[in-house]
Amino acid sequence: MIKDTFQKILVVRLSSLGDVILTTPIYRSLKKSDKDIIIHTVVLDAYKDVLKTNPYINSVWEYSKNSEVIKILNESLIHEEYDYVIDLQNNFRSRELLRNVSKNTYRFEKHSLKKLLLVHFKINLLKNFPHITERYAATFPEIKLDNEGPEIFIPSSVKPRIAENEVVIGLCPGSKHFTKMWPIDNFVELGNMLIKKGVKVAIFGGSDDKNICKHLERNIKGSINLTTDNNILQLASDMKNCIAIICNDSGLMHTATAVKTNVLAIFGSTVREFGFYPYKSTHSVLENFSLSCRPCSHIGRKSCPKKHFKCMKEITPSQVYDKLQELI
């Protein structure tokens, strides 16, 4: 490591679910380099469960957007006297939080200009760029990233609702942004195709996905709805016993990856070049490469700016089914 003396390191990635999961190799790799390193992290309270059970992390600080809470948290972090801070969020919120915490602060390079050029001018300077986890690791030069990928530690108290010997395919129809969501009727058609083949279908989602998951449950006869109120550990436990997960570019895609389940991801307005595809797992990504308008955003949009939404609509249930057959 950079110092020969005892070290305490703070790693910051506040949100969102997928990004937080993709930081987990960082903690493991740091601990492998020196088992005596003290590692703390700060994460938005909504995602704390992803890291609370991680044995490589000594302490998890919960972040809230409340200004008074931020002030108190900042004072607490200053008091910790960290040797190094690794800011993997690198935005106004994280900079405000980390003010005066450590002189030795390393910040993630976002390559915002490259993303802007790809989205707005289709100039691709991100071709062959490493995965976002590898870019996170590059933020702090002493991280020797291992080859094991992201992980979630599920406590024994969280029992899976799917038996290990069942043949179950999971469907995750939700995402934070409309243009990252494969049409719901396509999920229904695919689900019924799987049911007819004798495969059990489980539906996964968080609190924001309840309506569309309920729609799938009603229209895919024999499916089971395993939606939760954002209980990530329960969802992870259930996903672990699926033979594959079919999903959009979403946090649940990374959840499935973290429990080493096969992942078939459908990308619409986003592209692999942004670095957020499934990492170190058996996976496949379906994209519509025939469109010059992709990507139209690096995070997703409320609606298709071209009004046709061909990036998702032209990917058929039959295509997804065939790709699934190749995957499993």
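The values are calculated or read from the model by the stated rules, or taken from the named source; none is laboratory data. Small disclaimer: the values here were computed from a predicted structure and weren't measured. Here the Cβ positions follow ideal geometry from the backbone for every residue, glycine too, while neighbour counts run over all protein chains shown.
In the set (1) part of a loop (DSSP other than H, G, I, E, B); (2) over 14 Å from residue 153 (Cβ atoms); (3) touching a strand residue (DSSP E or B) at 6+ places or on another chain (Cβ under 6 Å); (4) not acidic (Asp, Glu), residue 65 fails one condition alone, (3). Here is the figure for segment 57-83: residues that are of a type in the set (Ser, Thr, Tyr), surrounded by 16 or more Cβ atoms within 10 Å (Cβ to Cβ) and more than 20 Å from residue 19 (Cβ to Cβ) total 1. Consider segment 145-176 and keep the residues that are of a type in the set (Asp, Glu) and surrounded by fewer than 16 Cβ atoms within 10 Å (Cβ to Cβ). The one that is nearest to residue 135 (Cα to Cα) is 146. Has segment 199-207 got any residue that is part of a helix (DSSP H, G or I) and farther than 24 Å from residue 286 by Cα? Looking for residues that are part of a helix (DSSP H, G or I) and farther than 24 Å from residue 286 by Cα, one finds at least one in segment 199-207, hence yes.
Name the residues in segment 118-133 that are part of a loop (DSSP other than H, G, I, E, B) and closer than 30 Å to residue 144 by Cα, would you?
First, the residues of segment 118-133 that are part of a loop (DSSP other than H, G, I, E, B): 122-131.
Hits for segment 118-133 are 124, 125, 126, 127, 128, 129, 130, 131.
Cβ separations smaller than 6 Å between residues 6+ apart or across chains give the following pairs from segment 111-130 residues that are closer than 24 Å to residue 279 by Cα to residues that are surrounded by fewer than 14 Cβ atoms within 10 Å (Cβ to Cβ): 114/125.
Which residue out of 245, 220 is farther than 25 Å from residue 49 by Cα, in the same structural domain as residue 287 (by TED's automatic domain parsing) and either surrounded by 18 or more Cβ atoms within 10 Å (Cβ to Cβ) or touching a residue at least 24 places away in the same chain (Cβ under 8 Å) (or both)? Working first, answer last.
Numbers: 245 fails: farther than 25 Å from residue 49 by Cα.
Among 245, 220, only 220 is farther than 25 Å from residue 49 by Cα, in the same structural domain as residue 287 (by TED's automatic domain parsing) and either surrounded by 18 or more Cβ atoms within 10 Å (Cβ to Cβ) or touching a residue at least 24 places away in the same chain (Cβ under 8 Å) (or both).
Restricted to segment 99-136, and to residues there that are basic (Lys, Arg) and under 19 Å from the mean Cα position of the chain (by Cα), the residue that is surrounded by the fewest Cβ atoms within 10 Å (Cβ to Cβ) is 110. Selection over segment 24-52 of residues that are touching a Leu at 6+ places or on another chain (Cβ under 7 Å), within 21 Å of residue 81 (Cβ to Cβ) and of a type in the set (Asp, Glu) gives a count of 0.
Might you let me know whether segment 270-287 holds any residue that is more than 25 Å from residue 47 (Cα to Cα), assigned by TED's automatic domain parsing to the domain that holds residue 178 and among the polar types (S, T, N, Q)? The answer is yes; a qualifying residue exists. Of everything listed in (1) more than 17 Å from residue 50 (Cα to Cα); (2) surrounded by 24 or more Cβ atoms within 10 Å (Cβ to Cβ); (3) over 12 Å from the mean Cα position of the chain (by Cα), the single unmet condition for residue 273 is (2). Looking across segment 227-254, the residues that are part of a loop (DSSP other than H, G, I, E, B), closer than 15 Å to residue 21 by Cα and over 11 Å from the mean Cα position of the chain (by Cα) come down to 230, 231.
Could you tell me whether segment 46-57 includes any residue that is more than 22 Å from residue 148 (Cα to Cα), in a helix (DSSP H, G or I), in contact (Cβ under 8 Å) with a residue 12 or more places away in the chain and hydroxyl-bearing (Ser, Thr, Tyr)?
Filtering segment 46-57 down to residues more than 22 Å from residue 148 (Cα to Cα) leaves 46.
Adding the requirement that they be in a helix (DSSP H, G or I) leaves 46.
When the remaining residues are screened for being in contact (Cβ under 8 Å) with a residue 12 or more places away in the chain, the result is 46.
Those left that are additionally hydroxyl-bearing (Ser, Thr, Tyr): none.
There is no residue in segment 46-57 that is more than 22 Å from residue 148 (Cα to Cα), in a helix (DSSP H, G or I), in contact (Cβ under 8 Å) with a residue 12 or more places away in the chain and hydroxyl-bearing (Ser, Thr, Tyr).
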